[in-house]
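The values are calculated or read from the model by the stated rules, or taken from the named source; none is laboratory data. From a predicted model like this one, the values you see are computed outputs, not experimental measurements. Cβ atoms come from the backbone with ideal geometry, glycine included; neighbour counts cover every protein chain shown.
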Amino acid sequence: MKVLVAVKRVVDYNVKVRAKADGSDVDLNNVKMAINPFCEIAVEEAVRLKEAGTATEVIAVSIGDKSCQEQIRTALALGADRGIQVETEGAAEPLIVAKLLKGVVEKEQPQLVILGKQSIDGDNNQTGQMLGALTNMPQGTFASEVAIDGDKLNVTREVDGGMQTLSLSLPAIVTTDLRLNEPRYASLPNIMKAKKKQLDVYSPADLGVEPKAHLTTLKVEPPAERQAGIIVESVEQLVDKLKNEAKVI
Amino acid sequence: MSTLVIAEHDNASLKPATLCAVAAAQALGADIDILVAGEACSGAGDAAAAVAGVSKVLVADNAAYAHQLAENVALLVAELGANYDNILAPDTSNGKNTLPRVAALLDVGQISDIVSVESADTFKRPIYAGNVIATVQSSDAKKVITVRSTAFDGVSAEGGSASIEAIDSAHDAGISSFVSEELAVSDRPELTAADVVISGGRGMQNGENFAMLESVADKLGAAVGASRAAVDAGFVPNDMQVGQTGKIVAPDLYIAVGISGAIQHLAGMKDSKVIVAINKDEDAPIFQVADYGLVADLFNAVPELDAAL
Ligand SMILES: Cc1cc2nc3c(=O)[nH]c(=O)nc-3n(C[C@H](O)[C@H](O)[C@H](O)COP(=O)(O)OP(=O)(O)OC[C@H]3O[C@@H](n4cnc5c(N)ncnc54)[C@H](O)[C@@H]3O)c2cc1C
Ligand SMILES: Nc1ncnc2c1ncn2[C@@H]1O[C@H](COP(=O)(O)O)[C@@H](O)[C@H]1O
């Protein structure tokens with residue numbers, strides 16, 4: 001079974017991102033970039049399926065400018081077999097990413113596509129579901145456990161009220177939640193080996209897609225700042241403040 | 001102009017998030033219909049018809065929609081959506097699961113998690129864990145939107161008298177099926193709808209110690225939440241996680257106990273009206289957003305608080 005994993009290049013999760021003073025965009029100058037944490041979990045799951053003998057090949061795909069090859073190499077160092085970059089200028093919105101991924105799906109015919117549930121930059125939580133609609137594949141979103149069961153895939157999902165398990169026919173889409181696995185660290189020898197693995201570059205035209213934007217960001221601004229309040233000396237003072245000053249209890 | 005709001009419900013009744021999505025729909029200024037898709041869902045349908053400001057309720061009662069399978073519900077919404085200018089869903093796990101599928105079927109770019117309606121095609125939404133608010137304009141004729149519930153005060157659940165229309169379309173994509181679910185049962189209010197939330201972090205040390213928070217919660221009528229670290233460590237179930245990638249809450253009072261205040265946690269609670277932090281580390285970032293901070297060992301402070309209430 002071939003597994004396709006979508007990995008996105010995003011700002012490292014430790015960075016507190018700020019809007020540029022002119023509000024045109026966020027300021028990403030000299031900011032540390034990384035593989036989206038949910039995508040790292042996706043790669044780990046695919047590699048585990050390969051180690052378990054279920055997956056035969058793991059392909060990591062990223063959509064973006066040349067710099068996203070760095071994150072593809074990270075995925076290769078974690079155990080993916082080969083990489084695909086779809087070259088776009090700058091960040092593409094989820095519907096475009098989903099259309100490009102559909103093109104890759106048609107070329108590669110994977111039985112399973114694993115994505116993150118959410119990019120931590122755009123916080124969209126859309127791409128996997130959109131790819132599902134475009135390819136008519138079922139989806140197991142926010143997955144905390146996946147198990148192959150014959151020609152079906154059982155996915156346990158983190159939902160508002162608890163956990164839900166679905167049975168999906170293959171090929172299927174999975175989007176990862178935080179508890180699916182704990183990604184490994186890439187070893188130095190594997191990082192070296194990753195540099196030699198195959199990485200193909202496609203243009204959107206190669207995949208028959210003409211990227212058309214549906215959404216435009218007009219401006220970005222900082223959220224309303226909260227002022228730090230006071231430090232109380234005791235529980236007694238805290239309860240008094242909550243009762244008589246804030247009047248919330 | 002007309003707007004279709006996808007109801008969040010449990011077949012018998014509507015969830016409060018639906019009322020917040022209707023509030024966002026009102027900001028769009030169009031006629032509002034609600035879709036209740038489910039099985040044996042007339043209870044939820046009747047409740048939707050009583051919601052203030054709603055014109056019509058569409059009830060699609062079919063086994064294919066029993067468990068809100070995205071593959072099936074998205075086909076239904078895409079079909080019905082042909083008649084609407086806007087399609088809105090709350091930011092619940094069902095809304096997030098289904099709506100992007102609808103958007104792709106309609107070839108529309110989705111706008112996730114809006115916190116305000118600026119005009120018929122322009123919306124504000126938080127990005128980068130809420131560190132930035134983006135103003136986004138859609139060039140699609142139809143708008144497909146999820147609504148951040150905490151940003152809109154829910155409309156009244158009563159006072160409306162919408163007509164009810166039964167929808168016969170049964171879309172069963174036949175590619176997914178429900179196996180089982182394990183839902184948390186609790187007498188406490190739902191995390192996202194509670195007026196008071198008390199959350200514990202890694203500082204709680206284990207799951208048993210959460211009993212201290214539950215005892216305080218019961219006195220305050222509060223829901224209990226947690227940080228990712230507490231969930232990852234297995235202290236409490238995943239549905240209690242508050243944050244960028246968990247639940248977004250904005251109660252009148254949020255009490256953070258043994259939580260450091262990472263960006264990702266703040267993203268889920270910093271719109272609370274009053275924030276209290278109890279932490280033994282006076283430099284913990286949570287104090288930068290707290291209205292009232294108590295630098296103390298939680299194992300002394302929480303029982304004291306419990307006794308004082
Ligand atoms: C992709 C991604 C998504 C994430 N999503 C979320 C999310 O949605 N929600 C979320 O919460 N996190 C999220 N995180 C994790 C986040 O970055 C932090 O790791 C997490 O919030 C830390 O939890 P914590 O504050 O409980 O633990 P810690 O940071 O370890 O803090 C524990 C605190 O407890 C205090 N303490 C310890 N003992 C005591 C005591 N006896 N008395 C008083 N205080 C005590 C300590 O001083 C410390 O400040 C995410 C991370 C990533 C990478
Ligand atoms: N530019 C991209 N390249 C590769 N994968 C992406 C890209 N954008 C989004 N994805 C995938 O879609 C998931 C969800 O992203 P989003 O819908 O933007 O929140 C990510 O975790 C990735 O797996």
Matching option when the condition is more than 9 Å from chain A (Cβ to nearest Cβ), under 30 Å from A:Asn124 (Cβ atoms), in a helix (DSSP H, G or I) and modelled with pLDDT of 95 or more, among B:Ala256, B:Ala230: B:Ala230
Can you pull out every residue in the stretch A:38-72 that is within 16 Å of ligand 1 (Cβ to nearest atom) and over 18 Å from A:Ile173 (Cα atoms)? A:Gln71
In the stretch B:180-222, what residues are within 14 Å of chain A (Cβ to nearest Cβ), buried (at least 22 other Cβ atoms within 10 Å of the Cβ) and in contact with a Lys or Arg (Cβ under 8 Å, 6 or more places away or on another chain)? B:Leu191, B:Thr192, B:Ala194, B:Ala217, B:Ala222
So, restricting to strands (runs of 3 or more DSSP E) that lie completely within the stretch A:163-249, which ones have at least 1 residues that are at the interface with another protein chain (Cβ under 8 Å from one of its Cβ atoms) and more than 25 Å from B:Thr245 (Cβ to Cβ)? A:215-221, A:230-232
Which of the following residues is among the acidic types (Asp, Glu), without any contact (Cβ under 8 Å) to a residue 60 or more places away in the chain and surrounded by fewer than 17 Cβ atoms within 10 Å (Cβ to Cβ): B:Asp291, B:Asp297? B:Asp297
Among the numbered criteria (1) free of Cβ contacts under 8 Å to residues at least 24 places away in the same chain; (2) in contact with a Pro (Cβ under 7 Å, 6 or more places away or on another chain); (3) among the hydrophobic types (A, V, I, L, M, F, W, C), which single criterion is violated by A:Val3? (1)
Restricting attention to the stretch B:165-179, report how many residues are surrounded by 15 or more Cβ atoms within 10 Å (Cβ to Cβ) and within 20 Å of B:Asp31 (Cα to Cα). 1
When A:Gly122 is evaluated against the numbered criteria (1) part of a loop (DSSP other than H, G, I, E, B); (2) more than 9 Å from ligand 2 (Cβ to nearest atom); (3) within 14 Å of another protein chain (Cβ to nearest Cβ), which criterion, by number, is the only one it fails? (2)
A:Gly116 being touching a residue at least 40 places away in the same chain (Cβ under 8 Å) and facing chain B (nearest Cβ under 7 Å): no
Among the listed residues B:Gly45, B:Gly95, identify the single one that is at pLDDT 95 or above, over 19 Å from B:Thr146 (Cα atoms) and crowded, with 22+ Cβ neighbours inside 10 Å. B:Gly45
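Hey, does the stretch B:234-246 have a residue that's touching a residue at least 40 places away in the same chain (Cβ under 8 Å), away from ligand 2 (no atom under 16 Å from the Cβ), of a type in the set (D, E, K, R) and crowded, with 19+ Cβ neighbours inside 10 Å?
Checking the stretch B:234-246: at least one residue is touching a residue at least 40 places away in the same chain (Cβ under 8 Å), away from ligand 2 (no atom under 16 Å from the Cβ), of a type in the set (D, E, K, R) and crowded, with 19+ Cβ neighbours inside 10 Å.
Okay, residues lined up against (1) out of contact with any Lys or Arg (no Cβ under 9 Å at 6 or more places or on another chain); (2) at pLDDT 95 or above; (3) over 19 Å from B:Cys20 (Cβ atoms); (4) surrounded by fewer than 23 Cβ atoms within 10 Å (Cβ to Cβ):
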| residue | (1), (2), (3), (4) |
| --- | --- |
| B:Ala49 | no, yes, no, yes |
| B:Ala63 | yes, yes, yes, yes |
| B:Val77 | no, yes, no, no |
| B:Ala89 | no, yes, no, no |
| B:Leu106 | no, yes, yes, yes |
Considering only residues that are out of contact with any Leu (no Cβ under 9 Å at 6 or more places or on another chain) and either part of a strand (DSSP E or B) or more than 14 Å from A:Ala92 (Cα to Cα) (or both), look in the stretch A:110-119 and name the one that is nearest to ligand 2 (Cβ to nearest atom). A:Gly116
